[in-house]
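Undergrad: My questions will all concern the structure given below.
The values are calculated or read from the model by the stated rules, or taken from the named source; none is laboratory data. Note that the structure is a prediction, hence the values are computed from the model and not measured. With ideal geometry, Cβ positions are generated from the backbone for all residues, glycine too; neighbour counts draw on all protein chains shown. Surface accessibility is based on the protein's heavy atoms, side chains included, excluding ligands, DNA and RNA. Shrake-Rupley method; radii C 1.70, N 1.55, O 1.52, S 1.80 Å.
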Amino acid sequence: MPATPTTDPLQRERDHLAASRSALRAMREDVQSLDIRDVTGSWVTAVVLQNQIEARIAALADLSDTPLFFGRLDYLHAVSEELSEGGGGENFYIGRRHVHDADGDPMVIDWRAPVSQPFYRASRTEPMDVERRRRFGYTGGELTAYEDEHLTDPAETDTASALLAAEIEKPRVGPMRDIVATIQPEQDEIVRSDVTGTICVQGAPGTGKTAVGLHRVAYLLYAHRERLARTGTLVIGPNNAFLSYIEQVLPALGELEVGQATVQQLVAHVEVRAEDDPQAARLKGDARMAEVLRRAVRAGIALPTEPCMVVRGSRRWRVPVYELVEIIEELKSREIRYGAARDALPQRIAHAVLLKMEQGGEAPDDRVQDAVARNAAVKAVVKECWPAVDPAKLVLRLLSDPEFLAGCAEGVLTAEEQRAVLRPKPDRSVRTARWTPADAVLVDEATDLVQRTPSLGHVVLDEAQDLSPMQYRAVGRRCTTGSATVLGDLAQGTTPWATASWPEALHHLGKPEAHIEELTKGFRVPEEVIVYASRLLPAIAPGLAPASSVRDAPGSLEVRRIEEGRDWAESVLAACRRALEHEGSTGLIAADARIPDLGDLLTAAGLPYLSPGTETSADARLTLVPASLAKGLEYDYVVLDEPAAVVAGEPDERTGLRRLYVALTRAVSGLTVLHREPLPEQLARGASDPVRA
């Protein structure tokens, strides 16, 4: 007997979820059963098709712990053309990918499709033809609740979404999650911005700027797949721990092939094995170094003093000095890449020879010109006047040879600045040189001056506030013909060279026309915590508006002073154990110098802990986090050890206070601050502190 349709709305939705998962399995099995043996013309075609099939199979995988759909839209009128004549409405389930049944009818609509947009944008004032918006609640992948908004019902009042709040506050299985089910209208506008434009997002902690950037690249790949598949996309993050977290998000958004790298990985032309002092790093990252390098690359160009004599058969063809000078001066004036000009020079000399051949009654063709360009006399002129440049050797010479640096930096760097960037003692070779991260960026700049860096279709740059001008230039080279999404928070700039303003940063990136958006409404950090952390803003980013939070969670902040006579170790362990009594992840954040002692303490106490970048499990939910690696990460509960030590661990007070601001804003549900030393003055001031002693 056929099953009797249920009248329970929740059960009907569960039935649709089960049917959708079955349909997705069938879609995957259809692809797995494809036989391409009769349609491939060669082994190359077979390999290409097989790779495409395997990518499709991977994309159709059902993530059991990830809801297949999270919402539903009931339209007042039909959206599909075939149903529009009937006058009735349609409903669509909004999820992470498209799913259709055996007849090709949609069961789940991709969140990126145009018909899904009202799920994020519709409101009572502008319902966008949506009668009802339904949100679903899940527990461990099982659909357990739903919540309706009737956008065209004047009798229904606006109320905060309980399911939306529950999704935001849900305990983390890892320090990063996607927000596809919780995107807000202002975030959705950024996500769906046009692919041709660059957008910069200034976002306070917890405003979802990172997730917005990831969803934007997923949306662009959906809307412009052919274009971006050809040109490529790249997400650039601050460190490998951060990249490992965002790697968990992208598959749930339906995207598997998005490149990921740190800035240092982008410029890995040389092996980094040393660190600059702050002054040297700041100067090497200064945009003025681009002009110094430009001069250095071109320093070897020389004008000829002898004519070029080309012998072909029994005849000789002479290119006089003045003609050679004209050719070289013309190439110099065009400001094309050094390597491209060097490749063009023998052809230009050969062309001058061909003109003389024609005047002499010969009829040379292109093959003759190529042969002349390879002539030993022409090669000798090129070698003497436009010598080959090895970018790494050039940078090493620049930083080791005071006279060479002085000649290239005249009028650009002062004598004192030149001394600051010079190496204490010269290195013997590129291979043995003690390269620093800032040196590697200089080598990348020199490499681009010699040969153009390939450009991608779209680049997402996260934690952008920490980049130096030269690092911005390195990233900008990767999207000269494409667009970018720039994400960051000026208040979280924790490098001595952190940018002072977004217009300045975008200028160095090569995207001065970029549109700047500011997100100040937080969803992750509780109001009590963000208000406390915002006390630091006047000292670290006086131009920024304080952030607010949509989540009022009384008791989410506790500041404990460890009194004299009390054991510091016991206080830290007690705070960690209290945090672990709750569901979800806990982060113990401390100054980098205190991490080894804390690791020994946790081990001795039998508390298992993880390093940043390792996913939490039922057996290990505590992560020990150096303050320098906390940026971009989030935990349900955070224990912050000794704020004064976090500040003191940086080269200057402003950078230290910014590092502290980052550490204070990593908590989703609760923050405990432990201190024995006095709190930094900027944090301690305030008459009505929401804290307990």
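Undergrad: Which pairs in the list K284/K393; K393/K511; K209/K284; K284/K383 are over 25 Å apart, alpha-carbon to alpha-carbon?
TA: K393/K511; K209/K284; K284/K383
Undergrad: So, one more: Is the shape of region 274-362 rounded, prolate or oblate, going by the alpha carbon gyration tensor and its root eigenvalues a ≥ b ≥ c, with a/c under 1.5 for rounded and a/b larger than b/c for prolate?
TA: Judged from the Cα gyration tensor, region 274-362 comes out prolate (a/c at least 1.5, a/b above b/c).
Undergrad: Separate question: Rolling a 1.4 angstrom probe over the protein chains, ignoring ligands and nucleic acids, what is the accessible area of T196 in square angstrom, nearest 10?
TA: 100 Å²
Undergrad: Under 18 Å from a label point 7 Å along Cα→Cβ of R423: give me every residue in region 432-458 with its amide N that close.
TA: Only 432-447 fall inside the zone, counting backbone N under 18 Å.
Undergrad: Okay, moving on. Only helical DSSP H runs with n ≥ 4 go in: add -39500 (n - 2.57) per run for the chain, normalise by residue count and round the 222 nm mean residue ellipticity to 500 deg cm²/dmol.
TA: -12000 deg cm²/dmol
Undergrad: Viscosity 1.567 mPa s, temperature 4 °C: what is the translational diffusion coefficient of region 550-597 from Stokes-Einstein with a Kirkwood Rh over Cα pairs, rounded to a whole number of µm²/s?
TA: For the chosen part, D equals 100 µm²/s.
Undergrad: What do you get for Rg/Rh over region 505-635 if you use C-alpha atoms and the Kirkwood form of Rh?
TA: Value, to two decimals: 1.04.
Undergrad: Using only C-alpha positions, report the orientation-averaged shadow area of the convex hull of the chain, nm², one decimal.
TA: Over every viewing direction, the Cα hull of the chain projects on average to 43.5 nm².
Undergrad: Take each of the peptides 380-387, 423-430, average the number of other beta-carbon atoms within 10 Å over its residues, and list them starting from the highest.
TA: 380-387, 423-430
Undergrad: Between E570 and L303, what is the spin-label point distance in nm, taking each point 7 Å from the Cα along the Cα→C-beta axis?
TA: 8.4 nm
Undergrad: I've got another one for you. Where the centre of each part is set by its Cα atoms, how far does region 567-592 sit from region 199-265, in angstrom?
TA: Between the Cα centres of region 567-592 and region 199-265 lies a distance of 31 Å.
Undergrad: Treating only the Cβ of Lys, Arg, Asp and Glu as charged (+1, +1, -1, -1), what charge dipole size does the chain show about its Cα centre? Round to the nearest 20 debye.
TA: Computed about the Cα centre, the dipole is about 2820 debye.
Undergrad: Where does each of V395, V325, V550 land when they are ordered by accessible area, with a 1.4 Å probe and the largest first?
TA: Reading off the accessible areas and sorting them downward yields V550, V325, V395.
Undergrad: Between H150 and A604, take the C-beta separation as r, use R0 = 60 Å, and let me know the FRET efficiency to the nearest 0.05.
TA: The value I calculate is 0.55.
Undergrad: May I ask you to derive the relative contact order of the chain, considering only C-alpha pairs under 8 Å and at least 6 residues apart, and to give it as an integer percent?
TA: It rounds to 13 percent for the chain.
Undergrad: How long is the gain from E384 to D597 if the chain were fully straight, where each residue apart is worth 0.36 nm and the alpha carbon distance is subtracted?
TA: Length gained between E384 and D597: 70.7 nm.
Undergrad: Are there any GluC sites (Glu not before Pro) in region 283-347 that are in a DSSP loop and have at most 13 other Cβ atoms within 10 Å? List them by number.
TA: Within region 283-347, the qualifying GluC sites (Glu not before Pro) (loop, at most 13 other Cβ atoms within 10 Å) are E335.
Undergrad: Using the Karplus curve 6.51 cos²θ - 1.76 cosθ + 1.60 with θ = phi - 60°, work out ³J(HN,Hα) for each residue of region 493-499 in order, rounded to whole Hz, and write x for Gly and Pro.
TA: Listing the rounded values in order: x, 10, 10, x, 9, 3, 5 Hz.
Undergrad: Now, a different point. Along the charge dipole of the chain, pointing to its positive end and built from +1/-1 on Cβ of Lys, Arg, Asp and Glu, which listed residue (P626, V459, V353) has its Cα farthest out?
TA: Checking the options against the dipole of the chain, the answer is V353.
Undergrad: For the chain, report the accessible area per residue in Å² (1.4 Å probe, heavy atoms, rounded to an integer).
TA: 46 Å²
Undergrad: Sort 362-375, 491-504 by packing, meaning the average of other beta carbons within 10 Å per residue, with the highest value first.
TA: Those peptides, ordered most packed to least, come out 491-504, 362-375.
Undergrad: By Kyte-Doolittle mean hydropathy of at least -0.5 and Cα axial length of at least 30 Å, which whole DSSP H helices of the chain are selected?
TA: Passing helices, by number: 338-359.
Undergrad: Still on this model: Once neighbouring chains are kept in place and the probe is 1.4 Å, which whole percent of the accessible area of the chain is contributed by carbon and sulfur?
TA: C and S fraction of accessible area: 50 percent.
Undergrad: If packing is taken as the mean number of other Cβ atoms within 10 Å per residue, what is the order of 643-649, 446-452, highest first?
TA: My ranking of the peptides, most packed first, is 643-649, 446-452.
Undergrad: Shifting gears a bit: Which far-off residues, 5 or more places away or on another chain, put their amide H under 5 Å from the one on V668, with H placed in the peptide plane?
TA: Sorted by chain and number, the residues that satisfy this are Y635, D636, Y637.
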